[in-house]
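One structure is given here, and the rest of the page talks about it.
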Amino acid sequence: MKAFSELFTRIDQTASTNEKVDALADYFAQAEEQDAIWAVAVLSGRRPKRTVKTSELWNWSGELSGLPEWLQAESYHIVGDLAETISLMLPVNKTFSNYSLHEVIESLIALGSKDEEARKSYITGMWAALSTQELFVFNKFITGSFRVGVSDKIVIKALAKHFKIEENVVAHRLSGGWEAQGNSLPSLLSSDSANNDISRPYPFYLAYPLEAEPESLGDVSEWIIERKYDGIRGQIIVRNQELFIWSRGEDLLTEKFSEFHSLVHILPNGTVIDGEILPRKENCYLPFHVMQTRIGRKNVTKKSLQEAPLVMVCYDLPELDGIDIRHLSLEERRNKLEILLENLQTDNPDLPLHISPVVFCKNWDEAASERLRARETFSEGLMLKRKNSEYKTGRRRGDWWKWKVDPLTIDGVLLYAQRGHGRRADLYTDYTFAVWDGEELVPFCKAYSGLTDKEMLSVDNWIKKNTLDKFGPVRSVTPELVFEIGFEGINPSPRHKSGVALRFPRILRRRLDKSAKDANTKTDLMELLNIYRFDNAE
Amino acid sequence: MQKPLLSFDDYGIYCAAADVYIDPWKPVKKAIITHAHSDHARWGMGFYLAHEHAIPVMKYRLGEDIKTQSLKYGEEIIMNGVKISLHPAGHIWGSAQVRLEYKGEVWVVSGDYKLQADGISVPFEPIKCNSFITESTFGLPIYNFPETQEVHEEINAWWQTNREEGKNSVLLAYSLGKAQRVMAHLDPSIGNIYTHGAVHNINEIYEAHIGPLPEALRIDSSVNRKEIKGAMIIAPPSAISTPWMRSFSPYKWAICSGWMQLRGTRRRRGADRGFIMSDHADWDQLNTAVLATGAENVYVTHGYKSIYAKWLNSNYGLNATEVETLYTGEALEETAEIETTESKPDESI
Ligand SMILES: [Zn+2]
Ligand SMILES: [Zn+2]
């Protein structure tokens, strides 16, 4: 536990990838086998199931600190992280006990079958025995994912360095589902096929956003251009007569997507296809939100299956005939993918696998105008992939780019302001914006990022002087300031007064040139909605 | 009922009986200044009364021609029958609490303060009063600052490690107060120390009036950057990600601030290290200070004012109210600094 929390502190105190890798490699060199595999598990997001409730943590830590509930809540609001808040409010210990990492995590897992009294005595006992540094790590184990500035890439690099195995191989063996308990890194990483989980996906190769002019990428003929659809990135795997569907977040979604279940008989064994899972209706691919409700649901209704069945828009083929072909060029992989899908299609006309259409462009100008057609095609823009590119691991610059269209914008009036977090706790930095609905202003979105510190200070000053009313941390202000809000998408939402919900809204700039009456209207929002969204029947 | 001795208006904290403002944020005829930080000592007052060690900094920042009167700690003056004296606030060198007494009623305006001894300023002294005005920059139970000595040792160890790796160490600290506090505790046997011009100017004032600091070279065009190796460079927070800072490559950089207690704040700044060190009071210090005054009325200014006032009310049964001011507390960017320089009218026109 001590070694792990020191590792955590070392990682946390540097922004350099190399130093993080070194810190991890040092840790692997000295850690016990059982601890090392748990370290990899928690750092790559494989947290054990939670066994202690948030309310219990608040109650027990409140008893120890003597602080009232409202003050705990205010503190949490400022810190923004439950584990950290509790570790900062607990009394500081003077003497510490030593526990091994696997012992602590396995004890936490075992709490699942214990009653409240036993859980309380274990947790409060640990709180009284750990150093401040360990307390935070311990609380993180209890409460949430342990994504602490260590990407999978860093863990993979460190393991590759320590065990002297190629990074690609480590990445592959580490992906998918595996258990830490009773396991060890040498056995997880060994090539021993008995240990090779057939469900394992390849680490996804991710594109960077294109910021430079596309001309800087060289000749357009060296690139494959596709539409960037707004679906769920996934890998469909058939191995040993079994089907697995993984999302990019490495969730196994096989059960949820019944449209693909027949593929287990159709796809040859040893096939892994990478693509975008989307609902399709009347020859159109629909955007993500149409299916969002389906993901959460246990049972999918017949109706929704008929209305918008899922398909995969396939763009890559990391494995064929049981052979990892990621080192081949994209052009070759895509060729094989096209042949595979064409052959399957002849026997299965309703195959839910479609080849991702190539957008042919003679030059970058043509590509630029295709990109602008994004909204008519219900896509977010274009993907640019170098024809000779390998299938790499994680987010890499150079060969794959996403070239999205500019965000939609609307001018809104500042209506409410709320205090920020941390060092901004004394500043009003979280804003709610409204548009006109006749004579009335209706709120349509919240946004908090996008202003420079200086602008934020001046807006904060203005808010303090123009407050109409205070309720808790929120103030309503004179409707006067206008801001341009950018967003990625717009969906109908009967729950909101404005009738819409925006995706990823953010402040683009303050419109000093506009007064409140010049802001946009609810009608404008509805027009944007009609242009952008696809009207699903429900 | 008698009118309270102090009131809060659009200009600042006002004592009508003496016709004087304390730390006003708009120009007034007469001002008492708790300390020389730019959100407390602002431009444009007709007359400034402050501690003798605060005045040289104020003259440097606000102009040699400002009208001033200096006081020592404990020295008493009378204005229109109001007894006024300054007492150590422990915030930075030359910082003071203002005690005002009139017809048996005592008020203390504490400005900014801390109870931790920093080794360079006269430590905070609790003053008995009826009404106490306190800041609340770190007025939440999540703020518990480590022992100062521990942090100084961490800083020296960090410097040593960076030096061994062939890197410079850039430490960002407020030019007034924090920079001298850090400098005074550096171990000069580790390597050379350099200072940013803004820090160097304040250091010179400190050395002229208070005492020596470890030897440090001012960074200007005469300094060959290639010769700076394994050195400690002290700079104000405004140096973050400037070409000036990058010119010390290879280097590591750290921020010295109470906000570094929160992991998120540190990470958002992208600093290699965050040293938890503040010239403000943490949660325990605030509570200790407030209780030690014996005041029944407490006015809570800049910081988590409503939360802290509520705590004082509900936990200690004090009559605590939050007060809106334009003080900025411990900013991470010295934004306050920039603001006041800009609001100063251009005198050349
Ligand atoms: Zn100050
Ligand atoms: Zn202040």
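For region B:293-323, a residue qualifies if it is under 22 Å from B:HIS40 (Cβ atoms) and part of a helix (DSSP H, G or I), and the qualifying residues are B:THR293, B:LYS305, B:SER306, B:TYR308, B:ALA309. Taking the criterion of being at pLDDT 80 or above and among the small types (Gly, Ala, Ser), the residues of region B:305-333 that qualify are B:SER306, B:ALA309, B:SER314, B:GLY317, B:ALA320. Screening region B:218-230 for residues that are closer than 16 Å to B:TRP244 by Cα and touching a residue at least 60 places away in the same chain (Cβ under 8 Å) and picking the one that is surrounded by the most Cβ atoms within 10 Å (Cβ to Cβ) gives B:ILE228. Within the set B:GLU215, B:GLU204, the sole residue that is open to solvent by 60 Å² or more (accessible area, probe 1.4 Å), within 19 Å of the chain's Cα centre (by Cα), of a type in the set (D, E, K, R) and under 28 Å from B:VAL57 (Cβ atoms) turns out to be B:GLU204. Looking across region A:204-221 at every residue that is surrounded by 10 or more Cβ atoms within 10 Å (Cβ to Cβ) and of a type in the set (A, V, I, L, M, F, W, C), the one that is nearest to A:LYS362 (Cα to Cα) is identified as A:VAL220. Annotation note: of B:ILE84, B:ILE32, B:ILE13, B:ILE55, the sole residue that is out of contact with any Asp or Glu (no Cβ under 9 Å at 6 or more places or on another chain) and among the hydrophobic types (A, V, I, L, M, F, W, C) is B:ILE55.
Which of the residues belonging to region A:66-110 are more than 29 Å from the chain's Cα centre (by Cα) and among the aliphatic types (A, V, I, L, M)? Answer for region A:66-110, where residues must be more than 29 Å from the chain's Cα centre (by Cα) and among the aliphatic types (A, V, I, L, M): A:LEU67, A:LEU71, A:MET89, A:LEU90, A:VAL92, A:ALA110. On the basis of being in contact (Cβ under 8 Å) with a residue 40 or more places away in the chain, assigned to a strand (DSSP E or B) and in contact with a Gly (Cβ under 9 Å, 6 or more places away or on another chain), does A:TRP436 make the cut? In short, no. Candidates in region A:228-251 are the residues that are assigned to a strand (DSSP E or B) and surrounded by fewer than 19 Cβ atoms within 10 Å (Cβ to Cβ); of these, the one that is modelled with the highest pLDDT is A:ARG233.
For region A:155-163, indicate whether the set of residues that are farther than 20 Å from A:ALA29 by Cβ and more than 14 Å from every other protein chain (Cβ to nearest Cβ) is non-empty. Checked region A:155-163: no residue is farther than 20 Å from A:ALA29 by Cβ and more than 14 Å from every other protein chain (Cβ to nearest Cβ). The number of residues in region A:252-264 that are in contact (Cβ under 8 Å) with a residue 12 or more places away in the chain and open to solvent by 60 Å² or more (accessible area, probe 1.4 Å) comes to 3. Against the test of being surrounded by 14 or more Cβ atoms within 10 Å (Cβ to Cβ), touching a strand residue (DSSP E or B) at 6+ places or on another chain (Cβ under 9 Å) and modelled with pLDDT of 90 or more, the options A:LEU278, A:LEU267 yield a single qualifying residue, A:LEU267. Residues in region A:448-500 that are without any contact (Cβ under 8 Å) to a residue 40 or more places away in the chain, aliphatic (A, V, I, L, M) and either outside the structural domain of A:LYS517 (by TED's automatic domain parsing) or not in a helix (DSSP H, G or I) (or both): A:LEU468 only.
If you go through region B:129-180 and keep only what is within 13 Å of chain A (Cβ to nearest Cβ), more than 16 Å from ligand 2 (Cβ to nearest atom) and not charged (D, E, K, R), you end up with B:LEU140, B:PRO141, B:ILE142, B:ASN144, B:PHE145, B:PRO146, B:ALA157, B:TRP158, B:THR161, B:ASN162.
Strands (runs of 3 or more DSSP E) fully within region B:59-136 that include at least 1 residues being more than 16 Å from ligand 1 (Cβ to nearest atom) and free of Cβ contacts under 8 Å to residues at least 60 places away in the same chain: B:68-71, B:76-79, B:82-88, B:96-102, B:105-109.
The criterion of at least 3 residues that are in contact with a helix residue (DSSP H, G or I) (Cβ under 8 Å, 6 or more places away or on another chain) is met by the following strands (runs of 3 or more DSSP E) wholly inside region B:153-245: B:168-172, B:232-235. Would you confirm, using the coordinates I've provided, whether B:ILE240 is modelled with pLDDT of 95 or more and either in the same structural domain as B:ARG181 (by TED's automatic domain parsing) or open to solvent by 10 Å² or more (accessible area, probe 1.4 Å) (or both)? No.
Would you pick out the residues in region B:68-80 that are closer than 21 Å to B:GLY46 by Cα and open to solvent by less than 50 Å² (accessible area, probe 1.4 Å)? If the condition is that a residue be closer than 21 Å to B:GLY46 by Cα and open to solvent by less than 50 Å² (accessible area, probe 1.4 Å), then B:THR68, B:LEU71, B:ILE77, B:MET79 are the ones that fit.
Residues in region A:17-30 that are surrounded by fewer than 21 Cβ atoms within 10 Å (Cβ to Cβ) and closer than 10 Å to A:ALA3 by Cα: A:GLN30 alone. The residue that is surrounded by the most Cβ atoms within 10 Å (Cβ to Cβ), among those in region A:75-118 that are of a type in the set (Ser, Thr, Tyr) and within 10 Å of another protein chain (Cβ to nearest Cβ), is A:THR85. Looking at (1) part of a loop (DSSP other than H, G, I, E, B); (2) within 14 Å of another protein chain (Cβ to nearest Cβ), find the lone condition where A:LEU130 falls short. Among (1) part of a loop (DSSP other than H, G, I, E, B); (2) within 14 Å of another protein chain (Cβ to nearest Cβ), A:LEU130 violates only (2). When restricted to residues that are under 21 Å from A:SER247 (Cβ atoms) and either part of a helix (DSSP H, G or I) or assigned by TED's automatic domain parsing to the domain that holds A:LYS49 (or both), region A:171-187 contains 4.
Would you check if there is a residue in region B:241-252 being within 16 Å of ligand 2 (Cβ to nearest atom) and in contact (Cβ under 8 Å) with a residue 24 or more places away in the chain? Looking through region B:241-252, none of the residues is within 16 Å of ligand 2 (Cβ to nearest atom) and in contact (Cβ under 8 Å) with a residue 24 or more places away in the chain. The listed residues are B:LEU312, B:LEU286, and the only one of them that is within 16 Å of ligand 1 (Cβ to nearest atom) and buried (at least 18 other Cβ atoms within 10 Å of the Cβ) turns out to be B:LEU286.
Of the residues making up region B:36-47, at least one is open to solvent by less than 60 Å² (accessible area, probe 1.4 Å), charged (D, E, K, R) and within 16 Å of ligand 2 (Cβ to nearest atom). Taken over region B:261-281, the criterion of being farther than 12 Å from B:ILE155 by Cβ and either more than 9 Å from chain A (Cβ to nearest Cβ) or not in a loop (DSSP other than H, G, I, E, B) (or both) is satisfied by B:GLN261, B:ARG263, B:GLY264, B:THR265, B:ARG266, B:ARG267, B:ARG268, B:ARG269, B:SER278, B:ASP279, B:HIS280, B:ALA281.
The values are calculated or read from the model by the stated rules, or taken from the named source; none is laboratory data. Just so it is clear, the structure is predicted and the values come from calculations on it, not from any experiment. Cβ atoms come from the backbone with ideal geometry, glycine included; neighbour counts cover every protein chain shown. These accessible areas exclude ligands, DNA and RNA; they are computed on the full protein's heavy atoms, side chains included. Shrake-Rupley method; radii C 1.70, N 1.55, O 1.52, S 1.80 Å.
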